[in-house]
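Right, one structure below, let's go through it.
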Amino acid sequence: MLSLRGWSRRLGLDSLTRRDANDSESSQPEFTFAAVSIGLLIGCLLCFTNLYFGLQTGWISMMSLQSALIGFLLSKMLPKPLSPQEIIVVQTTAVATGTMPLAAGFVGILPALGLLSEEKDGTPPIHLSWIAAIGWSCSIAFFGVFLSPPIRKQVIIEEQLAFPSGTATAQLISVLHRLPPPDTSLRRRNGYTEVDTEDISEGTLLNDSLNPEESIDRVEDEREVVTQEGWSDLVYSFLASGAMTLAAYFFPIVFSIPLFGKYLAREWLWSFTPSLSYVGQGIIMGFPTTLSMNLGMLVGWGILSPISKYSGWAPGPVGDMSTGARGWILWVSLAIMCSDSVVSLLPVVYESGMKLLRSSSIQLEDDQNKDHEVETEDRLVPIRWVVNGLLGSVIIGTLLVWMVFGNEGIKPWATLIGFVMGGLLSILGVRALGETDLNPVSGLGKISQLLFAWIQPGNVVANIIAGGVAEAGAQQAGDLMQDLKTGHLIHASPRAQFFGQLIGSLLSIVVSATAYTLYNRAYEIPGPSFPAPTAYVWLSLARLLRDGQLPDYSQVYMVVFAAVFSIIAGVKIFAVRRRASYAKWIPSGVAFAIGFLNTPSFSLARLIGGIVEYLYHTRVAKSGGADIRLIVIASGFVLGEGVISIVSLVLRTFGVGVASCWGCSGGICAGCPA
């Protein structure tokens, strides 16, 4: 039997406790029990939080930068604070754990399968048991992890793409640990990902207009503020958000204020949710993104919804996804998302194709053929592990999908094609992410659905599942690539990050499946409390590809809005590549479309956060530490409601209901009778 030290040597863990030989700093461990434990703790909290918000609005938090920041604060409580490289392991493990609700489709694909109708789709609703949810999660949990090392080699080492969010996280870590900054012109991580999409947000951690002496002073000020006041800011903001969430559970009117009158709240769903977590989301997203979202909300819910209702195109109740205005404007939203994502991908496809042609027709010079890898072999992920892992994850994943859904759900060969498609799409998605900070997986997911409508026609279940398999690989590879970019800039071991990703994904399988099963038992999903809007996007497109039917006159508006946002996306790409200052103010098509999918209550709260972020950075954040302090407070707001939602879930499971439905007449509050 091998000893623990023997296993350590076989896995290469000994090499993860050494810094580069040329590094002047003393040797420090990287892949440590403390780093992994803190990463798993943060990741589990993020997992519950992301599932909660994803089922509510279809928008989840990656929180790479926030995970690093919280990990740093937690490590200050240890006898020996974590090193920068250990913080990278914390961040990587937390992100892998926290994003499984998206990768495994718990906020979109599984609720969509529960909406199936035997009359419409030829199959009854599919509700996975806990063990089936575990099997489904296992089938897609590791493909993207094993896919990331070879992609890292190409896009981070050879092409040296920017990955602005990962670079910004590296800058934060360098500030907190007094390291030389990896760059001086970096953008703050958006931190939020629509279920299937990553959007861009502008901002800076350091003011580039400062001279070197002022920059150094400000870095020191930022570190001191975070070290001395960051923990109290995080705790107080967490408690404030959690207290409001608990109050809203017992008194639902707290999160369903009829700001524009009860008639508009009841008939047109115009209410206001003063949730601190959504304010925190708005702060992290930034003002331009929340502005795009609210413009979409005004157009969708203020203009198109009444038009469709009074024209007789959507005669049902406004909130009905089948016959109401909400279901009608969903199609316009889908058209906007697809056009924006596809146009954003075109430059990447063109450039990738041109590079491929050049490399096949022109012999590269010797210096271009050099290996630019800066890490030693014992700190990299061996190619043998990658090949075996990819083959194993595809074979086992295909088998598990067949065991969970059977031949009637999806043929094994179709699942296999889904994995291959996911690998190809991930390359496009990662390149787009590296160049623009936008991971267009919503468009990639729709492309995969189009393909499977041709491969296995007429099968709605197969279309959704295979599309989900393909999208999972692309989404995972993109998310993990940001973390690998951070690690590259801070000189962390890729192998240590790889182990963190594997461990985080493994634990998150159980956490995500358990949390979803509990929510599904306690609440109706989709339902008033958790509408799961992206579930309708998946199902609606699958049905459209099967029978080609659209709601009355929706196709006209779909074509018009798709054309408009194709042009807007093209202009935005041009402006971003020219680094124009106005680029951030050009509306984001994805954020605009999300304004259609979410009811006005959530978008309004995010707008407040966006305004706070804008005013804070333009009028308040003049002193050192102000930027990072705002991120700490926003993170506390988001985590507070997400974590306390676990308490609400337990209360509902044990039959503890609301204390009072005062003010909720007419059914304007979820959880109270109409």
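Assorted remarks:
- Interchain or long-range residues, amide H under 5 Å from Phe272's placed H: Ile257, Leu259
- Zone residues, the range 444-473, relative to Glu408, backbone N less than 19 Å from point 7 Å out along Cα-to-Cβ: 456-466
- The length gained by stretching the chain between Ala575 and Leu450 to full extension, at 0.36 nm per residue less their Cα-Cα distance, is 42.0 nm.
- Rounded to the nearest 20 debye, dipole of the range 372-521 from Cβ charges on Lys, Arg, Asp, Glu: 340
- Estimated FRET transfer efficiency (Val556, Glu267; beta-carbon r; R0 30 Å; 0.05): 0.75
- Lys76-Ile383 pseudo-label distance in nm [points 7 Å out on the Cα-to-Cβ vector]: 4.6
- Amide H contacts of Ser61 (H built 1.01 Å from N, under 5 Å, at least 5 apart or other chain): Thr193
- Highest average packing first - 426-434, 231-239, 150-158, Cβ atoms within 10 Å: 426-434, 150-158, 231-239
- Restriction of the trypsin sites (Lys or Arg not before Pro) in the range 551-584 to DSSP coil positions whose beta-carbon has at most 14 other beta-carbons within 10 angstrom yields Arg578, Arg579.
- Using θ = phi - 60° and Karplus 6.51 cos²θ - 1.76 cosθ + 1.60, couplings along the range 630-640 (whole Hz; Gly, Pro as x): 5, 5, 4, 5, 4, 5, x, 4, 5, 5, x
- In this simple spin-label approximation, Ser665 and Tyr236 carry label points 7 Å from Cα along the Cα→Cβ vector, and these lie 4.0 nm apart.
- Sequence-ordered 3J(HN,Hα) estimates for the range 117-122 from the Karplus curve with 6.51, -1.76 and 1.60 and θ = phi - 60° stand at 10, 5, 5, 8, 10, x Hz, glycine and proline given as x.
- Local charge for Ile140 was computed over the other residues whose Cβ lies under 14 Å away, with Lys and Arg +1 and Asp and Glu -1, and equals -2.
- Applying a threshold of 31 Å to the alpha-carbon distances of Lys153/Lys572; Lys120/Lys446; Lys120/Lys309; Lys80/Lys584; Lys446/Lys584; Lys120/Lys262 flags Lys80/Lys584; Lys120/Lys262 as lying beyond it.
- Simple label model, 7 Å out from Cα along Cβ direction - Phe260 to Thr653, nm: 3.8
- Taking the inverse of the mean 1/r over every pair of distinct Cα atoms in the range 450-491 gives a Kirkwood hydrodynamic radius of 12.1 Å.
Here, each number is a calculation from the coordinates, and none is a lab measurement. It should be emphasised that the depicted structure is a prediction, and the values quoted were computed from it without experimental measurement. Please note: Cβ atoms are built from the backbone with ideal geometry, for glycine as well, and neighbour counts cover all protein chains shown.
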